[in-house]
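The values are calculated or read from the model by the stated rules, or taken from the named source; none is laboratory data. Bear in mind that the values here come from a model prediction, so they are computed numbers and not experimental data. Quick reminder, even Gly has a Cβ in these numbers, built from the backbone with ideal geometry, and neighbours come from all protein chains shown. Side chains included, ligands, DNA and RNA excluded: accessible areas come from the protein's heavy atoms. Shrake-Rupley method; radii C 1.70, N 1.55, O 1.52, S 1.80 Å.
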Amino acid sequence: GVLITFGAGNAIGVCFAGALGHYTYKLDVRYPSLVMGTSLMLSCVPMYFLINWVDSTKDLSLVAALGLVTGALAVMPVPIERAILTNVTIPQARGRANSILGIIDDLGKGLGPAIVSVLIQAFDRPTA
């Protein structure tokens, strides 16, 4: 249940961040980066509770709501970072910059679970 609601929060967060990033960019070009930083900082609080507080005795609706909020806040920088990258890169280098971002993004998706599995094997599951 937690992963499904976290994923649903990701979908909501991406759509909302795209609209919010567009709106804030029209106000001032510096505001989208503030939205990115604020959403990441705010996502730390519900993520902490998802990791340390949730167990099988907690109410599923509360855990689902927490997963939804965490997912939405944690993913907000993703659509905004590509727009910012396009705005700060000269036209001749935009393709390279976006491809490097794609490679780094894919490496994170692949290496993140691999590093976590190494940590789980090196320590016990709660410590990792």
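In whole Å, how far is the Cα centre of the stretch 11-54 from that of the stretch 86-114?
20
So what are the ³J(HN,Hα) numbers for the stretch 67-81, from phi and the Karplus equation (6.51, -1.76, 1.60; θ = phi - 60°), rounded to whole Hz, Gly and Pro as x?
Once rounded to whole Hz, the list reads x, 5, 5, 4, x, 5, 6, 5, 9, 4, x, 4, x, 6, 5.
Counting only trypsin sites (Lys or Arg not before Pro) that sit in a DSSP loop (anything but H, G, I, E, B) with at most 13 other Cβ atoms within 10 Å, what is the longest stretch of the chain containing none of them?
59-128
May I ask which residue of G67, H22, A8 lies farthest towards the positive end of the charge dipole of the chain, with charges of +1 (Lys, Arg) and -1 (Asp, Glu) on Cβ and the Cα centre as origin?
Of the candidates, H22 comes out farthest on the positive side.
What residue among Q121, G108, V45 has its Cα farthest toward the positive end of the dipole of the chain, where the charges are +1 on Lys, Arg and -1 on Asp, Glu, each on the Cβ?
Projecting each Cα onto the dipole axis, the largest value belongs to G108.
Compute the helix-to-body angle for 31-52: its Cα long axis versus the longest principal axis of the chain, expressed 0 to 90° and rounded to tens.
Taking the Cα atoms of the chain, the angle to 31-52 is about 10 degrees.
How large is the accessible surface of D105 in square angstrom, using a 1.4 angstrom probe and rounding to the nearest 10?
60
If I stretch the segment between S33 and N98 completely, what's the gain in nm (0.36 nm per residue apart, minus their alpha carbon distance), one decimal?
Stretched out fully, the S33 to N98 stretch lengthens by 21.6 nm.
Just reorder F123, F49 by solvent-accessible area, largest first, 1.4 Å probe, all chains present.
F123, F49
Rounded to the nearest 10 Å², what accessible area does I104 show when all protein chains are kept and the probe is 1.4 Å?
Looks like 100 Å² after rounding.
How would the chain be classified by its alpha-carbon gyration tensor: rounded, prolate or oblate, with rounded meaning a/c under 1.5 and the a/b versus b/c comparison settling the rest?
Judged from the Cα gyration tensor, the chain comes out oblate (a/c at least 1.5, b/c at or above a/b).
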